[in-house]
Amino acid sequence: MAKNLVIVESPAKAHTIEKYLGSDFKVLASVGHIRKDTKVDKSTFEVTYEIDPEHSKIISELKREAKKADKIWLATDEDREGESISWHLCEVLALPKNTARITFHEITKSALEEAIKNPRTVDMNMVSSQQARQTLDMLVGYDLSDMVRKKVPGAISAGRVQSPALRLIVEREKEIEKFDSKFNFKTTGRFAKDKAEFDANMEGKQPETEDEAKKLLETLSQSNFKVEDVEETEGTKANPVPFTTAALQIEANSKLGFASRTTMSAAQGLYQAGLITYHRTDSLNLSSQAVGAIAKYIEEAFGKNYLKVRHFKTKDASAQEAHEAIRPTDVFRTSAGKNDYEKRLYRLIWARTVATQMANAKVAKTTIKLSHDFVAKGEVVIFDGFLKVYGKSKDLELPKVAKGDRIDCLELSARQTYGKPPARYTEGSLVKKLEELGIGRPSTYASIMTAIQARNYVEKGESEGSEREVVELKAKSGKISRALIKEKVGANKGKLIPTPIGELVSGFLTDNFKNIVDYKFTANIEKDLDLVADAKLERVKMLKDFYGPFRNTVLEANGVERYNNARLLGHHPKNGKPIYAKVGKTGGFIQLGDNEKEAGEKPQFAPLPKRKSVKTVTLEQALKQLDLPALPRVLGKAKDGAELIAASGPFGPYLKGGKYNIPMKDYDPYTITLKEALPLYQKKIDSMIADWGDIQIIRGAYGPYVKGPGRRNNAKIPKEIDPQSITLEQAKEMLKNKPKATRRGVRGGRKKTAKKTIAKRKTGKKAK
């Protein structure tokens, strides 16, 4: 029998730790929070906690093992959330207040042994801070969500931290809508010195019209060019700092295309496997042992001249969620992870960590100034330094020239160039902005990104853009030529775009709850939570100071009329009925005629055109939408006689072909043709390995699987089994025995459980 019981949060982490601690230690997992906060007293701010029914078996096992053990060690994660879980374990398992609490930044034998040597007790200041955050989110969530559901069509809920994030996205969209995309003609030239060719750009004022551009090229083509000046400087490129949680999400989004949730999920897997240090941190610190190991690796792999030892300090005084930046636990392990996401993220973390202790890159920069304001810039890497493992080194070498040298002009061009509107946020750039504003904390960014998209307030763009023609004039051998060049514009793939409902919710909150969406106010709340954690501010006082004014604002907003930014676009040219652009529960739409109560007849509805909002749609576009055919639309028949019908449902447009409903995300149900629909139907038929009605065997993108009745009722078929040999009974058995979907290791979401079921488990415990 094990003398020691160690309790951690996740089963994967428990398995890794047990390998290191030996037979005297038994390691079990709480699987996240074991209790839920279900009720807050709005006068005393006491919280009623109830045991999560899904944790009843886990709690029983923990109680049983706790009675057997000589000593219990609470080893939940080292942030405030982990501290709170340890406190809940003490309460539910009736553990003494002096129960050993240990933390470690990495799951290695040495780190665990050090933690065992230096135990402490549960830090109640950190617990109070976590409770304050949770209570705030509950109070704001309950009152605010109830209000937006009443006042804003299609609204689901509103949150304390998500609302400022939504406001940022909506405000950026407004900037883009207001942007006046003017153009000028960017002038460039192709030059040569002793047959060595190079490009140069004309600086200063550029021609604004085609006529001006043509006259300029005519003048320049008859001119002589010489070198006015040459500047040669040597500079350095500074290496990067270690990864914090926010920086990791930003870089993984930029370099790997990962969503914040994907990054955090992969990082969680790497941490639990003992491959990286704790992944929720805002510290830049690297331990002396880690720096020593990294230095040794660099010397052995690249040589002493590549080594430059550095120590980093976190500028933000509130950075207290962890003690070290994110790094590999063993720098000599250059590749790790159980799947492609983890492997790619590990390599990014490894490269960034090694780069922090490498020498700066040295570059030689050359600037050649020519007649008529033409400038050529080149750069050559003299010493790659940290670029050897992290970053890009691209040489652009210019020919050797001296002041006064004559230069041959091979070709001149003037291309119509439009100004670029402000860029939409990606998940990475939004995390960066939130971090700059002091909104949220390392562990919350991924949940913010998920929440605003799950509520249908924000969506990721999918457009690769559209083509437009621009004028390009060229002067060569004294002749001017004109051509129309096609270029892509308006691409929004992967960018965060507010939906009509999201714009409405943000507008309502900005008009009625200024503090909730105010960036400074939200950042100051985060600072107050830090003060609670440092025992410099009392939890109840902080909550009272916030909730009193907030509750008054809620009561005032109760009298506001239902919020809708309906726009009268004009009147129908044939019948004179008004045409509106409105927002409803499912998003934006066009309405012909007044509401039935006012007009005495039902109005006609049509969807907004693609990539148009209530604010940007025109009367002409609305009239075209109203002329679209009614759905569902019969397109025709497939070769096997199945009737193909285009329709739209709660989950988007789909093609009904016989007994199959086929999603058609890339097609418009109003305009899709039979020719376009036939391949979609045939692809569905080809994917069907077996079909018994409610149960099917389908060939999917990630391999064959069994599909059962209902949504998300799928079972993957193992590689060793031939899907074509599976019988109906075997398929039923696979569905019955499929792994149960869990949220293990994820603390950000709140599980939905029937209130009656929870009530049976009520403990009556309150936060003190």
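Rule-based calculations on the coordinates, nothing more; no lab input. Keep in mind that this is a model prediction, so the values were computed, not measured. Virtual Cβ from ideal backbone geometry, glycine too; neighbours counted across all protein chains shown.
Summary table below
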item: Relative packing of 575-582, 156-163, which averages over residues the other C-beta atoms within 10 Å, highest first; result: 156-163, 575-582
item: Reachable lysines, given that their alpha-carbon falls under 16 Å from the alpha-carbon of Lys388 and they are not under 8 places away in the same chain; result: Lys237, Lys304, Lys308, Lys362
item: Förster-model FRET efficiency, 45 Å R0, Lys63 and Ser110, C-beta, rounded to 0.05; result: 0.90
item: Label-to-label distance, nm, for residues given as Lys71 and Lys195 (7 Å Cα→Cβ offset); result: 8.1 nm
item: Computed helical MRE - 222 nm, the chain, DSSP H runs ≥ 4 contributing -39500 (n - 2.57), nearest 500; result: -11000 deg cm²/dmol
item: Test item: Cα-centred dipole of the stretch 567-626, Lys/Arg +1 and Asp/Glu -1 on Cβ, debye; result: 340 debye
item: Where a label projected 7 Å from the Cα of Ser23 along Cα→Cβ would reach, residues of the stretch 73-112 with amide N under 17 Å; result: none
item: Equivalent ellipsoid dimensions for the chain as semi-axes, Å, which come from the Cα gyration tensor, largest first; result: 49, 41, 30
item: Lysine-lysine proximity count for the stretch 51-161, Cα under 29 Å, sequence distance 8 or more or distinct chains; result: 20
item: Net dipole in debye of the stretch 431-589 [+1 Lys, Arg Cβ; -1 Asp, Glu Cβ; about Cα centre; nearest 20]; result: 740 debye
item: Above-threshold pairs, the threshold being 24 Å between Cα atoms, out of Lys615/Lys675; Lys19/Lys296; Lys433/Lys527; Lys420/Lys479; Lys186/Lys486; Lys205/Lys377; result: Lys615/Lys675; Lys19/Lys296; Lys420/Lys479
item: Eligible lysines near Lys736 by straight Cα distance, threshold 18 Å, same-chain separation 8 or greater; result: Lys707, Lys716
item: Rg in Å to one decimal, and Dmax rounded to a whole Å, for the stretch 636-736 via C-alpha atoms; result: 14.8, 44
item: Signed unit charges on C-beta, dipole axis of the chain, positive-most listed residue Gly82, Ser254, Pro607; result: Gly82
item: Theoretical FRET efficiency, 1/(1+(r/R0)^6), r = Cβ-Cβ of Ser288 and Glu462, R0 45 Å, to 0.05; result: 0.40
item: Ordering of 726-734, 174-182 by packing [mean C-beta count within 10 Å, highest first]; result: 726-734, 174-182
item: Residue order, fewest to most surrounding Cβ atoms within 10 angstrom, among Lys432, Lys486, Lys109; result: Lys486, Lys109, Lys432
item: Relative contact order for the chain, counting Cα pairs under 8 Å that sit 6 or more residues apart, in percent; result: 14 percent
item: Simple spin-label estimate for Phe312 and Asp722 in nanometres, 7 Å along Cα-Cβ; result: 5.5 nm
item: Computed FRET value (nearest 0.05) for Asp545 with Phe179, which takes r as the C-beta separation and R₀ as 41 Å; result: 0.50
item: Anisotropy class of the stretch 513-555 from Cα gyration tensor, a/c 1.5 cut; result: oblate
item: Dipole in debye (nearest 20) - the chain, about Cα centre, beta carbon charges: Lys, Arg +1; Asp, Glu -1; result: 2100 debye
item: Sequence-distant aspartates and glutamates (8 or more away, or on other chains) whose Cα lies within less than 16 Å of Lys343; result: Glu251, Asp330
item: Highest-first arrangement of 513-525, 552-564, where packing means the average Cβ count within 10 Å; result: 513-525, 552-564
item: Pair Lys117, Ile382: separation of 7 Å Cα→Cβ label points (nm); result: 4.6 nm
item: Proxy reagent accessibility, fewest Cβ within 10 Å first, across Asp405, Asp528; result: Asp405, Asp528
